[in-house]
Amino acid sequence: MRITVLGSAAGGGFPQWNCNCRNCAGVRSGSLRAKARTQSSIFVQPGNGSDGGVDGLLINASPDILTQIQRNPALQPARGLRDTAIAGVVLIDGQIDHATGLFMLRERTSPLPLWCTDPVHEDLSTGNPVLRVLQHYCGTARERIPLDGRAFSSPAVPDLLLRAMPLSSKAAPYSPHREAQVPGDNIGLSITDRASGRSVFYAPGLGEIDERVFDAMSTADAVMVDGTFWTDDEMTSLGISGKTARSIGHLPQSGPGGMIEWLSRLPARTRKLLIHINNTNPILDEDSPQRAALAAAGIDVCEDSQVITP
């Protein structure tokens, strides 16, 4: 299995267009050793994907998708006058930074294969009616993601087997479930390559880890999980927001019960990566003590265009 990290930042990207926090100002001026990042999304292909022309699945459609396609030739193999290696899209939630990139794929000549849960389909048909708008263009061929652990796959990419798990996080602000979560607002995905048996657990929005989530993480060869905030009070301490990390559905890395503590319990063989990193998170500074703490714990920070082979 070949995973291309198309985007590794949280909503707004890095630097965020209107932010002058230490990180954003530093990366713009070049005074901070950090890499700019687009909004989070991954592209998964079976096998090693190195031969070119291998179709795969786009997991989340970022608003930055056009830039991400241009930067990653694997998504545009140019086998014909009109071509794409994106055989379908799988959404883990209905958030703007994960779903509005669907608009940019509207020039398809056939309906876009799309997997999402019922609550996400509702959000993207009502509160933010992306799917209704797309009906005026290519349209979508929507498939329901089962939440009972049953495996599903794309007929166009049968060698990738996916299983979804409802997570504790937050629905989009325009969702009727924002303050009353229902199963399927946010999911984690276990993705397995049938041929090699290698697997990854992907959960860029993760507010809480319980036993069943940890079991899924423990059985994966790699985990790519929520790296949004370093501390629970990250945005409140900067005066950016009155909300904590946990209150908007993100488990911070540091502190008791934080992501670092959970990841340290995984088997030594598990590759551990953080994705969906907010522009305020000090781990973006490659010389920060927080980044050093991650390195000491064997935890990597995803970068755009990084290729991962679990």
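The values are calculated or read from the model by the stated rules, or taken from the named source; none is laboratory data. Predicted, not measured: the structure shown is a model, and the values here were computed from it. Glycine also receives a Cβ, built like all others from the backbone with ideal geometry; neighbour counts cover every protein chain displayed.
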By residue number, the members of segment 286-304 that are in contact (Cβ under 8 Å) with a residue 40 or more places away in the chain, among the acidic types (D, E) and within 17 Å of S8 (Cβ to Cβ) are E286, E303, D304
If R108 meets every condition in (1) out of contact with any Phe, Trp or Tyr (no Cβ under 9 Å at 6 or more places or on another chain); (2) in contact (Cβ under 8 Å) with a residue 12 or more places away in the chain; (3) over 24 Å from D210 (Cβ atoms) apart from one, which number is that one? (1)
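More than 16 Å from L75 (Cβ to Cβ) and either buried (at least 24 other Cβ atoms within 10 Å of the Cβ) or out of contact with any Pro (no Cβ under 6 Å at 6 or more places or on another chain) (or both): is that true of L32 in this structure?
Spelling it out, L32 is indeed more than 16 Å from L75 (Cβ to Cβ) and either buried (at least 24 other Cβ atoms within 10 Å of the Cβ) or out of contact with any Pro (no Cβ under 6 Å at 6 or more places or on another chain) (or both).
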Just one listed residue, out of R163, R194, is of a type in the set (K, R), closer than 24 Å to H276 by Cβ and in contact (Cβ under 8 Å) with a residue 24 or more places away in the chain, and it is R163
Can you name every one of the helices (runs of 4 or more DSSP H) wholly within segment 49-149 that holds 3 or more residues which are surrounded by 13 or more Cβ atoms within 10 Å (Cβ to Cβ) and not aliphatic (A, V, I, L, M)? 65-71, 118-123
Residues that are surrounded by 15 or more Cβ atoms within 10 Å (Cβ to Cβ), polar (S, T, N, Q) and free of Cβ contacts under 8 Å to residues at least 60 places away in the same chain, drawn from segment 220-240: T231, T236
In segment 254-310, how many residues are more than 15 Å from the chain's Cα centre (by Cα), of a type outside the set (K, R) and either at pLDDT below 95 or farther than 14 Å from V5 by Cα (or both)? 36
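Please go through segment 164-174 and give me each residue that is in a strand (DSSP E or B) and surrounded by fewer than 21 Cβ atoms within 10 Å (Cβ to Cβ), ordered by number.
M165, P166, S168
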Return the residues of segment 257-281 that are assigned to a loop (DSSP other than H, G, I, E, B), in contact with a Leu (Cβ under 9 Å, 6 or more places away or on another chain) and over 30 Å from N20 (Cβ atoms); say none if nothing qualifies. G257, T270
Considering only segment 16-31, I want to know if a residue exists there that is part of a loop (DSSP other than H, G, I, E, B), touching a Cys at 6+ places or on another chain (Cβ under 7 Å) and farther than 21 Å from C116 by Cα. yes
